[in-house]
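Inspection log for the structure reproduced underneath, given as structure tokens.
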Amino acid sequence: MAQNLHVSFYGFMVKHLIFTKYFPVFALIGSFFVTAIQAQEHNFTVSPGEEKHILNLPATSSLKKPDLPELKNFYSVLEQTLVKRGKKKEDICDEKDMVASRILREYGSVFLVIDTALPPPVCMFSSSEDVEIFQKQLGIEKQIFDGTVIELQPVAMKALLKARTEAIFEGLSITPRDGSIAGRRGFSETLRLWNSRFEPALNYWLKKGRLTQEQADKLKALPMKEQVKEVLQLEKQGIYFNSAFNNSILYSVAAPGTSQHLALLAFDVVEFENEQVREILAKHGWYRTVQNDRPHFTFLGHKEEDLPNFGLKKIVNGNGKFWIPNT
Ligand SMILES: [Zn+2]
């Protein structure tokens, strides 16, 4: 009995030692078989180096699809935003007015700027005085860029300074275009810029015989808002007022009193053709939001992936990428 017990104990110890000693070998063989069976089930072959990697893959059914941002309607986002600011859409823009509604559609992104900035109170300022009153409410930040005085709303300037620093770090630069009007503008500057496109286009179409002298004189004498309206009507007939006479004047200069520059939330950039520069600006909340106005950037302060949630849609054409109101 004692001997039997001894033999049994001895046998147990021998088996135990063999198992312990060779356990890693058994485990390795076992794991190879398990892996081989799994590989067969998934119909792919496994090389030893890939084994661990494959086994860590999640099941196909649990792969999470990336959340796509919801593209919202610009007008509904605008209305909700205005409610939060204690305003209504009619307060900022008379949509029955053909010019005002067109302006909102073309330049409206600026109304969805981040809360730490002040959007313009209207889509069209009607006088220098109104612009001055609004600009006085802003804590204007002034900086000298390459010898040019640039004025912007503080939060927009802060973002632009960061973008400029990052550009320098990358061996690039972000330079103001056409002097100080790259940033802040007054009503008179928007009027002057309008005339810089309006008058040459008028002469061009006179020479082409598409307008008579009488029509041209009448157009020139119209009150500003009426003049803008007539110009937009003529453009519907292919009589364009941009610098190349082949597209709307609104993509070249803003109608007087409507520029995003009046709100100190726009900046025109010399290096607009450099994609890396555009990416750096976008990273800091600056986007091109006026279709085909290539040097013009608007400060929105939002992340690019969030822009569809703000009712802005991305369009890409021969002039690059623009985030415009989804109307
Ligand atoms: Zn501009």
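The values are calculated or read from the model by the stated rules, or taken from the named source; none is laboratory data. Not measured: the values here are computed from a predicted model. Heads up, the Cβs are rebuilt from the backbone with ideal geometry, glycines too, and the neighbour counts pull from every protein chain shown.
Some notes on this structure:
- Yes/no for residue 277 being surrounded by fewer than 17 Cβ atoms within 10 Å (Cβ to Cβ), closer than 26 Å to residue 178 by Cα, within 16 Å of the ligand (Cβ to nearest atom) and modelled with pLDDT of 95 or more: no
- Among the candidates 314, 303, 229, residue that is more than 16 Å from the ligand (Cβ to nearest atom), basic (Lys, Arg) and in contact with a strand residue (DSSP E or B) (Cβ under 7 Å, 6 or more places away or on another chain): 314
- Candidates 191, 172 - the one that is over 14 Å from residue 256 (Cβ atoms) and either of a type in the set (Asp, Glu) or out of contact with any strand residue (DSSP E or B) (no Cβ under 9 Å at 6 or more places or on another chain) (or both): 172
- Among the criteria (1) surrounded by fewer than 21 Cβ atoms within 10 Å (Cβ to Cβ); (2) within 23 Å of residue 166 (Cβ to Cβ); (3) within 12 Å of the chain's Cα centre (by Cα), the one residue 315 does not fulfil is (2).
- Residue in the stretch 258-268 that is under 30 Å from residue 179 (Cβ atoms) and either away from the ligand (no atom under 16 Å from the Cβ) or surrounded by fewer than 17 Cβ atoms within 10 Å (Cβ to Cβ) (or both) present: no
- Residue ranges of helices (runs of 4 or more DSSP H) in the stretch 173-238 with at least 2 members more than 21 Å from residue 97 (Cβ to Cβ): 187-207, 213-221
- Condition check for residue 223: more than 12 Å from the ligand (Cβ to nearest atom), surrounded by 17 or more Cβ atoms within 10 Å (Cβ to Cβ) and not β-branched (Val, Ile, Thr): no
- Of note, residue 241 satisfies the criterion of being at pLDDT 95 or above and not assigned by TED's automatic domain parsing to the domain that holds residue 137.
- Residue tally, condition surrounded by fewer than 16 Cβ atoms within 10 Å (Cβ to Cβ) and closer than 21 Å to residue 259 by Cβ, over the stretch 88-113: 4
- Restricting 289, 298 to residues that are within 15 Å of the ligand (Cβ to nearest atom), assigned to a loop (DSSP other than H, G, I, E, B) and in contact with a Leu (Cβ under 8 Å, 6 or more places away or on another chain) narrows the list to 289.
- Among the conditions (1) outside any loop (DSSP other than H, G, I, E, B); (2) out of contact with any Ser or Thr (no Cβ under 8 Å at 6 or more places or on another chain); (3) modelled with pLDDT under 95, the only one that residue 139 does not satisfy is (1).
- Subset of the stretch 232-257 [within 16 Å of the ligand (Cβ to nearest atom), touching a Lys or Arg at 6+ places or on another chain (Cβ under 6 Å) and more than 12 Å from residue 195 (Cα to Cα)]: none
- Of all the residues in the stretch 114-140, those that are surrounded by fewer than 17 Cβ atoms within 10 Å (Cβ to Cβ) and either in contact (Cβ under 8 Å) with a residue 60 or more places away in the chain or not assigned by TED's automatic domain parsing to the domain that holds residue 282 (or both) number 6.
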